Amino acid sequence: MTTNTSTPVSVLGLGAMGSVLADTLLRAGHPTTVWNRTAGKADDLVARGAASAATAGEAVRSGRLVIACLLDHASVHEVLDPLAAELAGHTLINVTTTTPEQSRELAAWAAEAGIDYLDGGIMAVPEMIGKPGASVLYSGSAAVFQRHQPLLELWGDSTYFGEDAGLASLYDFALLAGMYVMFAGFLHGAAMVAPAGVSAGRFATMAAPWLTAMTGAFAGFAEVVDGGDYAVEGQQSLEFSSLDDLVRATEEQGVGTEVISMVQKLIRRQIDAGHGKEGFARIIESIRQPV
């Protein structure tokens, strides 16, 4: 594995994330060329030693490693399609947020153009890049990942999932799904206690340790799901897990029931199908087979 101590890098896209990715490379000693559609976004980076490209094509020509951190899938094509011939023989690492199928489509486009392609899903906010807790998920070319892993590790812990370019995005969105539902659950709870004069801050001091402790159940749920036996002894049954009282308590507080009603519907579908005596993990079947 190479050390990448002075790999020339071109970063396309200087939003909040692209800017900090480029800055991290600069601080590590990598000659970095930056380009952004909006003029002026590169000024701070140039002051710290980056080279500013007037066009995306100029940036691509400045080095053989190109990082794309653009708005969306369409913007990647908009910027790079006209440069496909110039990118041939280059390495493209795309950390733009794209769906799994969009990532696979970009990998196929890159392969046809003779571009080495690696897809990345950033599991961090800009302020976390380069600090403990930041991670970036990758899939696509194993050779690209191995060759540039030391550079990639500058941004955060790097995990490679295989040649299927859509896997990093799939893990990214799956993890975000869990995060957003958890956040919604916390905010639902905060809304419930607010009419009693409890601040969101006070509620957070109770919710954080409680939710952290509850993540210990993940491994048990996973074992049940992977084993396929939702009737394993020791599980809380779906009938016992019914959220009718929680829905009622929410209504009594005068707040919306959408968050918990969603979970209740998943439970109810399995109970109605005759699985009420089985464990809570059974609701994954409601998710796997949407109505």
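The values are calculated or read from the model by the stated rules, or taken from the named source; none is laboratory data. It should be emphasised that the depicted structure is a prediction, and the values quoted were computed from it without experimental measurement. Glycine also receives a Cβ, built like all others from the backbone with ideal geometry; neighbour counts cover every protein chain displayed. Just the protein is used for accessible areas: all its heavy atoms, side chains included, with ligands, DNA and RNA removed. Shrake-Rupley method; radii C 1.70, N 1.55, O 1.52, S 1.80 Å.
Could you tell me the calculated FRET efficiency between Ala54 and Val181, based on Cβ-Cβ distance and R0 = 45 angstrom, to the nearest 0.05? Taking R0 as 45 Å, the efficiency between Ala54 and Val181 is 0.55. Between the helical axis of 218-227 and the longest alpha-carbon principal axis of the chain there is an angle of about 90 degrees. Placing +1 on each Lys and Arg Cβ and -1 on each Asp and Glu Cβ, with no other charges, gives the chain a dipole about its Cα centre of roughly 660 debye. Applying 0.36 nm per residue to the separation of Arg61 and Glu78 and subtracting their alpha-carbon distance, the gain on full extension is 4.4 nm. Compactness of the chain was expressed as the Cα radius of gyration divided by 2.2 N^0.38 Å, which yields 1.24.
Per residue, the chain reaches -14500 deg cm²/dmol at 222 nm when only DSSP H runs of four or more residues are counted, each adding -39500 (n - 2.57).
What lysines could a cross-link reach from Lys277, if we take a straight Cα to Cα line under 26 Å and drop same-chain neighbours fewer than 8 places away? Output for Lys277: Lys265. Accessible area per residue for the chain is 52 Å², calculated with a 1.4 Å probe on protein heavy atoms, without ligands, DNA or RNA.
Please work out the Kirkwood hydrodynamic radius for the range 113-263, using every pair of different C-alpha atoms, and report it in angstroms with one decimal place.
Working: mean 1/r = 0.0528 Å⁻¹.
Hydrodynamic radius (Kirkwood, Cα only) of the range 113-263 equals 18.9 Å.
Overall, the accessible surface of the range 162-262 at a probe of 1.4 angstrom is composed of carbon and sulfur to the extent of 65 percent.
Carbon and sulfur: what percent of the range 1-136's accessible surface (1.4 Å probe)?
Values: 3310 of 5940 Å².
Ligands and nucleic acids excluded, carbon and sulfur give 56 percent.
Only the Cβ atoms of Lys and Arg (+1) and of Asp and Glu (-1) were treated as charged; on that basis the dipole of the range 8-121 about its Cα centre amounts to roughly 400 debye. Using alpha carbons only, the radius of gyration of the range 72-169 set against its Kirkwood radius gives Rg/Rh = 0.96.
For Lys265, Lys131, give the ranking by accessible area with the largest first, probe 1.4 Å. Before the final figure, lay out the partial values.
On the way: Lys265 140, Lys131 120 Å².
Order by accessible area, largest first: Lys265, Lys131.
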